[in-house]
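S.K.: Take this structure, written in structure tokens, and hold onto it; I'll ask about it next.
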Amino acid sequence: MNIIKFLDGFTNESLSKDTSSRRDMFNTLGSFGKKAALSAIPFGLAAMPNKTFAQDMGNDPVAALQLALTLEYLEDEFYDLALQSGVLPTGRPETVYAQISKHEQAHVDFLRAGLEGAGATPVEKPTFDFTVGGMFDPFNDNGVGQETAYAQLLALAQAFEDTGVRAYKGQAGNLLGSPFLTPALQIHAVEAMHASEVRRLRGLKGWITNNERGAGMPEATQAVYNGEENVTQGGVDVTTLGDDAPFSMEASTEAYDEILTGEEAVAIASLFIVS
Amino acid sequence: MKKNTIKVQPVQKATHRRQFLKLGGMGIVGAGLLVACSNDDNGGMMPNPEPEPDPEPNPDPDVVFDLGEGDLGVLNYAYALEQLEADFYTKVFNSFYGGITDEEKQVLTDLYYHEVNHRDFFKAAITAAVEGKADLMLPTLEFDYGDLDFGNREQVLTTASVLEDTGVAAYNGAGRLLVNPVYLTLAGKIVSVEARHASAIRTLLNPGSADFAGDDYVTVDTGLSQALKPSDIIAAVGATGFIATPFTANKLP
């Protein structure tokens, strides 16, 4: 499937509105466990009864995973290029990027295998432009200089990881009742571990305060943080639960990460996708 | 520096630590018998009676709280874990270990804030969910850290690391038990913050390393973090002896 076509479909929610194709997907998912077991795909470990598939209207596990795969392609290529760029200082930065790169590669492989195991064709890897049409030069390809390039490498990594956390979280509801839910949550938490470390490597807190993108983050990344100022959780304004510091606006926003909708995640990823 | 592994009981000698939480018979549904010795668990406030050789199921089933089933069971389960984390960090915050760095103080203060917020959120959410049936809500738990030395940096950070890692694995494993997507999303909002904590604590313990998402916690082949079911989590947490109030999880896997 062509990436742009896929993303358009996701944005229009046409995939989830097409009930007949959704039924087909449920059918392929129904046989997923067996196929996965046969091919030893770790997804198969998350044994789930199939009866709950039809419970939620409009949920579309395959589309959710295709979105996840798209974001993982983006991260995987970014960290590969970062490690090859010569921009990363040795020591902690290189160690951190190498560890994250290892995970993003594993996530790509894992999601592709899972989709194939479910009878779906993984979305093709897009062509990325991490300069966003010349706005950035994170790999120092255009001679912006090591220092600026490194700052951009860190800023983009932070934006990608924080986006990943929010995007996976936004798809959890679409995976409810599917065997993909637990692995997706397992990846989601890893993205959060990455995000925390990259943020701390940049001198920020590992968690997001209000909707602040943080010092040194380009304004273009603000979309990643909009909405993080929410303090209403399950209908409860958590700042009203107490009077002291744990219930301040700052602590109350830090203590909960917010979702990105599929549409919002696609809009962010699309900045870096040429075709 | 050798990395701590993911197991509970990181630092204790367990001389007066008791197994307050204990796995029931293997193969039965649920996490089993979490029965405390009812008399000798209050820190020497009462004379120690005859030793109870093995905790038995409480003769009065009304006394020991069971977490329940379905969404409510999961909420109570999360509430128990958040109570433990909140209590632990409150103690850390109230008396920081000597020689604490500014960075460590900032991280541990934030973790105290976040976990207290989570705890009170679950209390509010469960209060709403049980619709006045207060006996369905997990009561306020009591804690006993045994020999854990809150004045010792290594012990505090190692315990924090175990608690955060355990929290992530617990939420990861509990998501699929939820039916209501609103609760699933709420759990997702919290688990990623727990994972951010886990990462930060791991880096405090081993600066400059890959431990923030270490190979001991994230499976190398798949890039997946741990997911454990409630009975495994409760057994592990129980083995620490930290939770002094007995409860059961007989209706959770």
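S.K.: Regarding the stretch B:74-91, can at least one residue be identified that is surrounded by fewer than 20 Cβ atoms within 10 Å (Cβ to Cβ) and farther than 27 Å from residue A:231 by Cβ?
M.R.: no
S.K.: Now, a different point. Every residue in the stretch A:66-99 that is more than 13 Å from chain B (Cβ to nearest Cβ), outside any loop (DSSP other than H, G, I, E, B) and of a type in the set (Gly, Ala, Ser), please.
M.R.: Result: A:82, single match.
S.K.: Follow-up question, since we're still on this one. Taking the stretch A:100-117 on its own, how many of its residues are basic (Lys, Arg) and either facing chain B (nearest Cβ under 10 Å) or crowded, with 24+ Cβ neighbours inside 10 Å (or both)? I'd like the intermediate steps shown before the answer.
M.R.: Pass one, the stretch A:100-117, residues basic (Lys, Arg): A:102, A:112.
This time we only want the ones that are either facing chain B (nearest Cβ under 10 Å) or crowded, with 24+ Cβ neighbours inside 10 Å (or both), so: A:102.
Qualifying residue count for the region: 1.
S.K.: Any idea how many residues of the stretch B:237-253 are under 17 Å from residue B:88 (Cβ atoms) and crowded, with 20+ Cβ neighbours inside 10 Å?
M.R.: 7
S.K.: Sticking with this one: For residues that are basic (Lys, Arg) and within 14 Å of chain A (Cβ to nearest Cβ), tally how many sit in the stretch B:136-176.
M.R.: Of the residues in that region, 1 qualify.
S.K.: A further question follows. Could you check, for the stretch A:194-201, whether at least one of its residues is more than 29 Å from residue A:148 (Cα to Cα) and crowded, with 18+ Cβ neighbours inside 10 Å?
M.R.: If we filter the stretch A:194-201 for residues that are more than 29 Å from residue A:148 (Cα to Cα), which is where we start, we get none.
For the stretch A:194-201, residues more than 29 Å from residue A:148 (Cα to Cα) and crowded, with 18+ Cβ neighbours inside 10 Å: absent.
S.K.: Return only the number of the condition from (1) farther than 20 Å from residue B:252 by Cβ; (2) more than 10 Å from chain A (Cβ to nearest Cβ); (3) outside any loop (DSSP other than H, G, I, E, B) that residue B:77 does not satisfy.
M.R.: Of the numbered conditions (1) farther than 20 Å from residue B:252 by Cβ; (2) more than 10 Å from chain A (Cβ to nearest Cβ); (3) outside any loop (DSSP other than H, G, I, E, B), the odd one out for residue B:77 is (1).
S.K.: Right, something else. From the residues in the stretch A:100-130 that are outside any helix (DSSP H, G or I) and in contact with a Phe, Trp or Tyr (Cβ under 7 Å, 6 or more places away or on another chain), which one is nearest to residue B:219 (Cα to Cα)?
M.R.: Checking each candidate, the answer is A:118.
S.K.: Restricting to the stretch A:175-185, and then to whatever is under 16 Å from the mean Cα position of the chain (by Cα) and facing chain B (nearest Cβ under 8 Å), can you tell me which residue is farthest from residue B:106 (Cα to Cα)?
M.R.: So the residue we want is A:181.
S.K.: Turning to a different aspect of this structure: Name the single residue, out of those in the stretch B:198-213 being crowded, with 24+ Cβ neighbours inside 10 Å and more than 7 Å from chain A (Cβ to nearest Cβ), that is farthest from the chain's Cα centre (by Cα).
M.R.: Checking each candidate, the answer is B:211.
S.K.: Just one of A:235, A:262 is on the phi > 0 side of the Ramachandran plot, touching a helix residue (DSSP H, G or I) at 6+ places or on another chain (Cβ under 8 Å) and either surrounded by fewer than 17 Cβ atoms within 10 Å (Cβ to Cβ) or of a type outside the set (A, V, I, L, M, F, W, C) (or both); which is it?
M.R.: Just a single option satisfies the conditions, and that option is A:235.
S.K.: Within the stretch B:177-195, how many residues turn out to be within 7 Å of chain A (Cβ to nearest Cβ), surrounded by fewer than 24 Cβ atoms within 10 Å (Cβ to Cβ) and farther than 15 Å from residue B:122 by Cβ?
M.R.: 1
S.K.: (1) among the acidic types (Asp, Glu); (2) more than 10 Å from every other protein chain (Cβ to nearest Cβ); (3) without any contact (Cβ under 8 Å) to a residue 24 or more places away in the chain: which one isn't true of residue B:87, the others all being true?
M.R.: Every condition holds for residue B:87 apart from (3).
S.K.: Please identify the pairs in which a residue from the stretch B:131-156 that is among the acidic types (Asp, Glu) has its Cβ atom under 7 Å from the Cβ atom of a residue that is surrounded by fewer than 15 Cβ atoms within 10 Å (Cβ to Cβ) and in a loop (DSSP other than H, G, I, E, B), counting only partners at least 6 apart or on another chain.
M.R.: As it stands, the answer is B:144/B:43; B:147/B:13; B:147/B:15, since those pairs meet every condition given.
S.K.: Follow-up. Considering only residues that are free of Cβ contacts under 8 Å to residues at least 60 places away in the same chain, among the charged types (D, E, K, R) and more than 7 Å from chain A (Cβ to nearest Cβ), which ones fall in the stretch B:97-130?
M.R.: Once the filter is applied, which keeps residues that are free of Cβ contacts under 8 Å to residues at least 60 places away in the same chain, among the charged types (D, E, K, R) and more than 7 Å from chain A (Cβ to nearest Cβ), the stretch B:97-130 yields B:102, B:105, B:115, B:119, B:123.
S.K.: Something else about it: Take the stretch A:186-240 and flag every residue that is within 10 Å of chain B (Cβ to nearest Cβ) and basic (Lys, Arg).
M.R.: Answer for the stretch A:186-240, where residues must be within 10 Å of chain B (Cβ to nearest Cβ) and basic (Lys, Arg): A:199, A:200, A:205.
S.K.: Report yes if some residue within the stretch B:44-66 is in contact with a helix residue (DSSP H, G or I) (Cβ under 6 Å, 6 or more places away or on another chain), modelled with pLDDT of 75 or more and part of a loop (DSSP other than H, G, I, E, B); otherwise report no.
M.R.: No: zero hits.
S.K.: I've got another one for you. Could you pull out the residue among A:172, A:167 that is within 18 Å of residue A:60 (Cβ to Cβ), more than 7 Å from every other protein chain (Cβ to nearest Cβ) and of a type outside the set (Ser, Thr, Tyr)?
M.R.: Result: A:167 is the single residue among A:172, A:167 that is within 18 Å of residue A:60 (Cβ to Cβ), more than 7 Å from every other protein chain (Cβ to nearest Cβ) and of a type outside the set (Ser, Thr, Tyr).
S.K.: Moving on to the next point. Working only within the stretch B:214-231, note down all residues that are more than 8 Å from chain A (Cβ to nearest Cβ) and among the hydrophobic types (A, V, I, L, M, F, W, C).
M.R.: B:228
The values are calculated or read from the model by the stated rules, or taken from the named source; none is laboratory data. Because the structure is predicted, anything quoted here is derived from the model rather than measured. Note: ideal-geometry Cβ built from the backbone for every residue, glycine included; neighbour counts use all protein chains shown.
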